[in-house]
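The values are calculated or read from the model by the stated rules, or taken from the named source; none is laboratory data. A quick note: this is a predicted structure, and the numbers were derived from the prediction, not measured. Here Cβ is always computed from backbone atoms with ideal geometry, including for glycine, and neighbour counts include all displayed protein chains.
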Amino acid sequence: MPYYNLVFKQYTSETGTLLTYGGIGSGGGIRSLTDKVVDFGATDAYLDDAKLAEMPAEVVHIPTVLGAVVIAYNLPGVDNLELSDKLLEKIFMGEITRWNDPAIKANNPGLTFPDMEITFVHRSDGSGTTYIFSDYMSKVSTKWADNVGKGKSLQWPVGMGAKGNPGVAGTIKQTEGAIGYIGSEYAFAQKIQTAKVQNSAGNYILPSIASVSAAANADIPADTRVMLTNSSDPAAYPISGFTWIILYKEQNYDGRSKEQALATVTFLDWLVSEEAQGQAEKVHYAPLPEAAVQKAKVILRSVTYSGEPLLK
Amino acid sequence: MNTDKITKAVLFASSFLILLIAGGMIFSLASGAVPAFKSFGLNFIWGNVWNPTEGSENYGALPFIVGTVLTSLVALLISLPLSFSASLFLGEYYHGTRLAKILGTMVDLLAGIPSIVYGLWGFYVLRPVLISLGLPNQGFGIFTASIILAIMIIPYATSLSTEIITMVPGELKEAAYSLGATRMEVIFSVVVPSARSGIIAGYILSFGRALGETMAVTMLIGNANRIPDSFFGTGNTMASVIANQFGEADGLKLSSLIAIGLLLFLITGLINSLGKFIIKKME
């Protein structure tokens, strides 16, 4: 993820501690953590109780930044597109197939639409972005919840797949009439048109640092495992979510040294601090709200080495 | 005498190692695929649902088998006239000339272009051309993937066929000429029949290559995990779905992907054996 690339480099240059990050997908990260070959993994979809039970030892989640999944599209000259929940459901389930459909026009009276086919681009690989997107769709559309559901990988009713956020972004950019969902940073970096999505208060919101931060004004449980989609905050962008780093609560495993464990939690403590969080905006992510930072710090202080907490 | 023994031992050891590796691969593919076949039975092979949603997971290989075989067959059909003409050009008509050398080099160059570069070219160059010709699905689909595959496999069929054609004994051709045969008659009544088995071998080889091609296909086929609804529709192939979904897969999904890998392995092996059988029959 662009955020991790940025802050990891900064941490290394400031402290000299070498950090490497492999962007292989959260599945690979979780697998590597299970096999205990990495210090920590990262994921956009927190491990549910069933998955947690499958891990060899207790795992804790540290939220690190807030991101948004945007609805990106390619319609030259058609800006400020507003898509209601119903429209999203109909488009992504294949019931509306052309841009000049009267339903889209009715929702956007000020815009003119070409008679063009709608090409839905989804992910061909498993992804946390898909998880956040489908979690939102399941909350706002019972049809979607019944027929498609939520998950990192889905059986899509219509559309074509592209690999990775960059793949989807590239395909949308190259294909007139395309629409899809991508992580916010890719939409902004490639200057792809994004649609306004209607949140639960009825307001049409464009994804931005402010609207994504508003989505985090929710009750965050102590273990920070919560989905922030369809927030009740009237200013919130409804397809937002945390991303987490996961690590073992008890750090003394497989001959792991205390220094290594201490270095890991010290780094993570820095990651949720103001200094690192201030970098989030550079890559179009939103910093963690104070409530989440506090909970993260509490969790970090519960991480132990041979039973003794590493941080005070 | 000692060096003889040592050489023999080294040769035996290397051959044995290769056998071990090949056997090991088949074994790990098979054992990885067992959970999938346990859950779905042989219905996995003709199951046409690929549903990775948690809670209702159901996997079947048919959409991918269809996609793979369809794209490879169409690619073979498209490339056949092109590579046959090229091999006649290089091996018969202009054999030994400078023109043939240049063309031969260009064809070999095609073989050296990495798959991902083909995919890139197909995405940014071929697709817009097909869109302007009125192709649906924004230029993604079985047809586009087949075209790219056809271009990729031309060099394999061409170089093998050219070799075999040039190996046809000169006496045969001269005898035919002396009987009054025209150039065309010599080629189609003498050269091609004698080179038949080699030419077919070339096509089997290129078909096998097309079956396993991954990157170029995955960028152009649309990655829709269902049986294509039309010739210009989107679909997916075995190699492509593995490449896409392997990273995030675990449990039953991982086993299903490995099972697809095993099936691809078996299909490719089957095609190669079929090729050998045909060649034997023709000799």
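Pull out all pairs, ordered by first then second residue, where Cβ-Cβ is under 6 Å, the residues are six or more apart or on different chains, the first lies in segment A:17-34 and is more than 14 Å from chain B (Cβ to nearest Cβ), and the second is assigned to a helix (DSSP H, G or I) and at pLDDT below 75.
none
In segment A:61-79, which residues are buried (at least 20 other Cβ atoms within 10 Å of the Cβ), closer than 25 Å to residue A:175 by Cβ and not β-branched (Val, Ile, Thr)?
Selection gives A:67, A:68, A:72, A:73, A:74.
For segment A:43-50, state whether one or more residues are surrounded by 14 or more Cβ atoms within 10 Å (Cβ to Cβ), out of contact with any Leu (no Cβ under 7 Å at 6 or more places or on another chain) and not in a loop (DSSP other than H, G, I, E, B).
Among the residues of segment A:43-50, at least one is surrounded by 14 or more Cβ atoms within 10 Å (Cβ to Cβ), out of contact with any Leu (no Cβ under 7 Å at 6 or more places or on another chain) and not in a loop (DSSP other than H, G, I, E, B), which makes the answer yes.
Which residues, taken from segment A:145-186, are of a type in the set (Ser, Thr, Tyr) and more than 8 Å from chain B (Cβ to nearest Cβ)?
A:171, A:181, A:184, A:186
Which of (1) more than 11 Å from chain A (Cβ to nearest Cβ); (2) touching a Leu at 6+ places or on another chain (Cβ under 8 Å) does residue B:27 not meet, given it meets every other one?
It is condition (2) that residue B:27 fails.
Quick one: in segment A:120-144, of everything that is among the hydrophobic types (A, V, I, L, M, F, W, C) and within 11 Å of chain B (Cβ to nearest Cβ), which residue is surrounded by the most Cβ atoms within 10 Å (Cβ to Cβ)?
A:121
Given the condition assigned to a helix (DSSP H, G or I) and within 14 Å of another protein chain (Cβ to nearest Cβ), answer yes or no: does some residue in segment B:66-81 qualify?
Looking through segment B:66-81, at least one residue is assigned to a helix (DSSP H, G or I) and within 14 Å of another protein chain (Cβ to nearest Cβ).
With of a type in the set (Gly, Ala, Ser), touching a residue at least 24 places away in the same chain (Cβ under 8 Å), assigned to a helix (DSSP H, G or I) and within 12 Å of another protein chain (Cβ to nearest Cβ) as the only criterion, which of B:239, B:259, B:243, B:201 stands out?
Sole residue among the options that is of a type in the set (Gly, Ala, Ser), touching a residue at least 24 places away in the same chain (Cβ under 8 Å), assigned to a helix (DSSP H, G or I) and within 12 Å of another protein chain (Cβ to nearest Cβ): B:243.
Rundown of residues vs (1) at pLDDT 90 or above; (2) exposed (fewer than 13 other Cβ atoms within 10 Å of the Cβ); (3) of a type in the set (D, E, K, R), yes/no style:
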site: A:266; (1), (2), (3): yes, no, no
site: A:269; (1), (2), (3): yes, no, yes
site: A:282; (1), (2), (3): no, yes, yes
site: A:288; (1), (2), (3): yes, no, no
site: A:292; (1), (2), (3): yes, no, no
site: A:299; (1), (2), (3): yes, no, no
site: A:304; (1), (2), (3): no, no, no
site: A:307; (1), (2), (3): no, yes, no
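If a residue has to be modelled with pLDDT of 90 or more, closer than 26 Å to residue A:114 by Cβ and not aliphatic (A, V, I, L, M) to count, how many in segment A:178-206 make the cut?
Matching residues across segment A:178-206 total 7.
Could you tell me which of the residues A:95, A:82, A:117, A:58 is at pLDDT 90 or above, away from every other protein chain (no Cβ under 13 Å), closer than 26 Å to residue B:221 by Cα and surrounded by fewer than 24 Cβ atoms within 10 Å (Cβ to Cβ)?
Only one candidate passes the filter, namely A:95.
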